[in-house]
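S.K.: Dropping the structure in here first, questions after.
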Amino acid sequence: HGSGRIWLDDVQCVGNESNISSCSHREWGLHNCRHYKDAGVQCSVINSVRLRGPESSIGKGRVEVFYNGEWGTICDDGWDINDAKVVCRQLGYDYYFRALLRRNVPRGSGRIWLDDVQCVGNESNISSCSHREWGLHNCRHYKDAGVQCSVFNSVRLRGPESSIGRGRVDVFYNGEWGTICDDGWDINDAKVVCRQLGYDYAGRALLGGNVPHGSGRIWLDKVRCVGNENNILSCSHSGWGSHNCTHDKDAGIQCSVINSVRLRGPESSIGKGRVEVFYNGEWGTICDDGWDINDAKVVCRQLGYDYYFRALLRRNVPRGSGRIWLDDVQCVGNESNISSCSHREWGLHNCRHYKDAGVQCSGYKERS
């Protein structure tokens, strides 16, 4: 129970107001209550870390952490790429770029929560890293820590069938993944998302009942794509975070890919280039550890060539970027699909893109 003034009574909010005083209520101070009827709330924070600054919506800014009901900054003593990696992963980015210090970080104010942070890099939460006690520091805000993160793709699929192109559509904005409301969701919208994910065909748009429900943010509503956009964010919509939906109306898609392997590079149209494979909605490369003529034979046959020529390594392969999907591939040579060959788990590798695998194929190409 409180004491003193009772300011508001009969408060009625729609739910999208930015301030409680914007909701319908009696005149200030007019009520028929006593303090045993004081109102309260229980809130939660979706993520205990956030970015702040003019470029925070694109993954660059001052890092703030949430503790004991307050947001506060981190001192940059010892701040490095391993710390940045943890923060970026925690924010939902799938690639980190760099740690930011001093003049590259917009200054904060208020609490300085953490100092002497030392992450290994595989932690799931910045607060799990080694640090001084909360609130114990020898810093001022000109030493606030920051990060610059990046995301490979601003759209993803989620659900038990997402790896085969069917599921709920999530979009990435302002450091958070969120869903799309299915008001007006149709094949043109599905076409754009499928193309953005790397699929070459959109089967259909999926609505509420056929989509696994999400949670958290609902970012977009009333999406209207023409169908030729290269990014769902380029389509017309009602504004970020503006919606009248719940998660039982989350939008989804069903996509398909004609072939799960492709060549990339300046000579890819004539059968020579970097090999890429499609998995879980993304194209990625293959590490050339053990890459040989048997592997090339399978890829060339899968692409429709009736004769293979050779496997390509290192300087003979144009470097890729993004995902490295396969490593230690070992084909017998008679497999119909490169993913049927022996390999490590998808995404498990010890490579960098200077080791991307390639092929040079020749012969009649049966399909385009």
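S.K.: Step through the table entries 191/297; 60/85; 191/355; 272/355; 85/249, compare each Cα-Cα distance with 23 Å, and write down the pairs that go over it.
M.R.: Beyond 23 Å between Cα atoms: 191/297; 191/355; 85/249.
S.K.: Would you report the distance distribution of C-alpha pairs in segment 103-219 as whole percents per 10 angstrom bin, up to the bin with the largest distance?
M.R.: Bin by bin from 0 Å, the calculated values are 11, 31, 22, 18, 16, 2.
S.K.: Please report the Cα spread of segment 57-101 along all three principal axes, rounded to whole Å, starting with the longest.
M.R.: 29, 23, 16
S.K.: Can you tell me which of 189-195, 135-141 comes out highest on packing, and rank the rest after it, using the mean Cβ neighbours within 10 Å?
M.R.: Going by the mean number of other Cβ atoms within 10 Å, highest first, we get 189-195, 135-141.
S.K.: Sticking with this structure for a sec: Can you give the charge dipole size of the chain about its Cα centre, rounded to the nearest 20 debye, using +1 on the beta carbon of Lys and Arg and -1 on the beta carbon of Asp and Glu?
M.R.: 800
S.K.: Sticking with this structure for a sec: What is the packing order of peptides 244-251, 22-29, taking the mean over residues of other C-beta atoms within 10 Å and listing the highest first?
M.R.: Ranking, from highest mean packing down: 244-251, 22-29.
S.K.: If you wrap a convex hull around the C-alpha atoms of the chain and split its volume per residue, what is the figure in Å³?
M.R.: 180
S.K.: Do you know the relative contact order of the chain, to the nearest whole percent, from alpha carbon pairs under 8 angstrom that are 6+ apart?
M.R.: 11
S.K.: Another question, if that's okay. Using DSSP to define loop residues, name the GluC sites (Glu not before Pro) in segment 288-368 whose beta-carbon has at most 12 other beta-carbon atoms within 10 Å.
M.R.: 345, 366
S.K.: Calculated from DSSP H runs of 4 or more alone, at -39500 (n - 2.57) each and per residue, what is the 222 nm mean residue ellipticity of the chain, nearest 500?
M.R.: Here the helix-only value at 222 nm equals -2500 deg cm²/dmol.
S.K.: In percent, how large is the relative contact order of segment 221-368, given Cα pairs closer than 8 Å and 6 or more residues apart?
M.R.: Result for segment 221-368 is 25 percent.
S.K.: Rg and Dmax in Å for segment 1-140, alpha carbons only: what are they?
M.R.: 20.1, 58
S.K.: Which number comes out as Rg/Rh for segment 169-271 once both Rg and the Kirkwood Rh are worked out on C-alpha atoms?
M.R.: 1.04
S.K.: Can you spot the aspartates and glutamates whose alpha carbon is less than 16 Å from residue 222's alpha carbon? Ignore those fewer than 8 places along the same chain.
M.R.: Leaving aside aspartates and glutamates fewer than 8 places away in the same chain, those within reach of residue 222 are 170, 182, 183, 186, 189, 248, 250.
Every read-out reported here was derived from the displayed coordinates using simple, explicitly stated rules and does not represent laboratory data. Bear in mind the structure is a predicted one, so any value in this text is a computation, not a measurement. In this analysis, Cβ positions are derived from the backbone assuming ideal geometry, glycine residues included, and neighbour counts consider all displayed protein chains.
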